[in-house]
Amino acid sequence: MPFYKHYSFDLWLTLIKSNPAFKIERTRYFHEHFNAVNKSIDEIAAIFRQVDLMVNSINEKTGKNIDAEEMYLMVISQINNFSNEFTDIDIDGLYNTMEELLVNNMPVLYCSECIDVLYRLRESGQSTTSLLSNTGFIKGKTLRKIMTHLELDQLLDFQLYSDEVRMSKPNPLFFQLMLDTINRNRHMDLDLGEIIHIGDNPMADIKGAEAIGIKSMLINSNHLTISALTL
C-alpha cells in the first residue's frame, strides 16, 4: 500500500458499527410512547430503516444535512399514518433520551484491527488522521462522546460531522473542509495525491473523494479490510 501523509476515515461501518441492543431499545421506546395507532414492534423497526435509508439518500443527493430531530419526527409521523401533530413532543428531551439509550448500548469497533491500524498510522509520525462522517439519527456531539469511550479520539487529529457543518458526503465542499482543516492544523499544503479517504460507501466516500481529487479506498463492503492500509 502506498504511503500517504493524511488518512481520512468514514465512521459508520468503517471504524464502528451499531450495538443491536440500541436499535431494539429505541424501537421499544417509540412503540410505547409514540404509537397511537398500535403498530407492531416490527412495523416500527421497519419505519426506522425506511427513514434512515431515505434521509441518507437525500443527504447524498443534495449534499446537505437533515437533522436528527427531523428524522425522529419523520418516524413519529409515519408510525401514526403520516400525522403532523407534533405540538406535544419535547424534541430536545426526546433526543436526550435517545442519546442516553445509545450510551447505555454503546456502538462497538467494526473490527479488532481498527485500533491497531490507527495506532500504527499515528505512531509512525509521518502522517495525520481525521474523521469525515455523515450523521443521521445520532448527532456529532454524541458521536464525539462515543469516540472518546472507544478511545478512537486520541488517534485522530480532528473530527468533522455533517450535522455540525450542514454538509454531507459526497458534497465536494465537505471534503474541501477536510483539506482546509489539514492545512490549517499542520500549517502546510499537501498535494492531493498525498491524501486518501477510506470508507465503506461507494457513493458518499469513493465518488466524493474522487470528485475533490484525492485518493480513496473502499473497505468492508467489498473484499478489503482496514488492515490493507498497513500492508
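The values are calculated or read from the model by the stated rules, or taken from the named source; none is laboratory data. For clarity, every value in this text was computed on a predicted model and none was experimentally measured. Note: ideal-geometry Cβ built from the backbone for every residue, glycine included; neighbour counts use all protein chains shown. Protein only, heavy atoms only, side chains kept; ligands, DNA and RNA dropped before computing areas. Shrake-Rupley method; radii C 1.70, N 1.55, O 1.52, S 1.80 Å.
Structure notes:
- Pairs with Cβ under 9 Å, 6+ apart, first in segment 110-126 and within 18 Å of residue 4 (Cβ to Cβ), second small (Gly, Ala, Ser) and part of a loop (DSSP other than H, G, I, E, B): 121/127
- Boolean, residue 28 is touching a strand residue (DSSP E or B) at 6+ places or on another chain (Cβ under 9 Å) and in contact (Cβ under 8 Å) with a residue 12 or more places away in the chain: no
- Scan of segment 150-175 for residues that are open to solvent by less than 70 Å² (accessible area, probe 1.4 Å), within 28 Å of residue 62 (Cβ to Cβ), in a helix (DSSP H, G or I) and out of contact with any Asp or Glu (no Cβ under 8 Å at 6 or more places or on another chain), ordered by number: 162, 165, 172, 174, 175
- Positions within segment 181-211 being open to solvent by less than 30 Å² (accessible area, probe 1.4 Å), assigned to a helix (DSSP H, G or I) and either at pLDDT 95 or above or within 23 Å of residue 59 (Cβ to Cβ) (or both), in sequence order: 181, 204, 205, 206, 208, 209
- Residue count for segment 106-149 under the criterion of being out of contact with any strand residue (DSSP E or B) (no Cβ under 8 Å at 6 or more places or on another chain), of a type in the set (Val, Ile, Thr) and part of a loop (DSSP other than H, G, I, E, B): the result is 1.
- Some residue of segment 95-109 being within 25 Å of residue 178 (Cα to Cα), among the hydrophobic types (A, V, I, L, M, F, W, C), open to solvent by less than 40 Å² (accessible area, probe 1.4 Å) and in contact with a Phe, Trp or Tyr (Cβ under 9 Å, 6 or more places away or on another chain): no
- Qualifying residue in segment 3-18 (condition: open to solvent by 60 Å² or more (accessible area, probe 1.4 Å) and in contact with a Phe, Trp or Tyr (Cβ under 7 Å, 6 or more places away or on another chain)): yes
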